[in-house]
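Input: a single structure, listed below in structure tokens.
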Amino acid sequence: MDEYAKEIADLQAQVDAMIEAEGDKKEIAELQMQLGILRVLYHQAIHLYDEGERDPELRESLALRGYGEWTVDNVYAFVYETSVDMPAEGHHSFLGEIRDTDFTRLLAGSPLS
């Protein structure tokens, strides 16, 4: 389990404990939103990482963009920073934008259509 999966599991355990203890519903909702964002970022980063393991051009592109070697941390940084720059109209829109973005194409330099 890498640090990102551990962070997601720890946050899920915290949310579960708060729900069981009937904690503050607003705080639980905020943590669940954070959890959703972390999950989709992690999913996209792992998907891109797996693609790059088979594609040396993706690995080169990551390095050329200044992210360094092909590691989960560096790929996650690319996905995270790209996501932060996306326009969003709210939480669900932001999650949808991340979920629907083809980070492989973005990294390869192809325009999204």
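The values are calculated or read from the model by the stated rules, or taken from the named source; none is laboratory data. Keep in mind it's a predicted model, so treat the numbers as computed, not measured. We place every Cβ from the backbone using ideal geometry, glycine too, and count neighbours over all the protein chains shown. These accessible areas exclude ligands, DNA and RNA; they are computed on the full protein's heavy atoms, side chains included. Shrake-Rupley method; radii C 1.70, N 1.55, O 1.52, S 1.80 Å.
List of remarks:
- In region 13-113, the GluC sites (Glu not before Pro) that fall in loop regions by DSSP, at most 14 other Cβ within 10 Å: E22, E69, E89
- In this label model, E7 and K25 are separated by 3.0 nm, measuring between points 7 Å along each Cα→Cβ vector.
- Correct option for Rg and Dmax of the Cα atoms in Å [calculated from the coordinates] among (i) 15.9, 50; (ii) 14.4, 44; (iii) 12.1, 33: (i)
- Area of S61 that stays accessible when all protein chains are in place (1.4 Å probe, Å², to 10): 20
- With the helix formula -39500 (n - 2.57) applied to DSSP H stretches of n ≥ 4, the chain reaches a computed 222 nm mean residue ellipticity of -24500 deg cm²/dmol.
- If you plug the beta carbon distance of M18 and E97 into 1/(1 + (r/R0)^6) with R0 = 25 Å, you get a FRET efficiency near 0.35.
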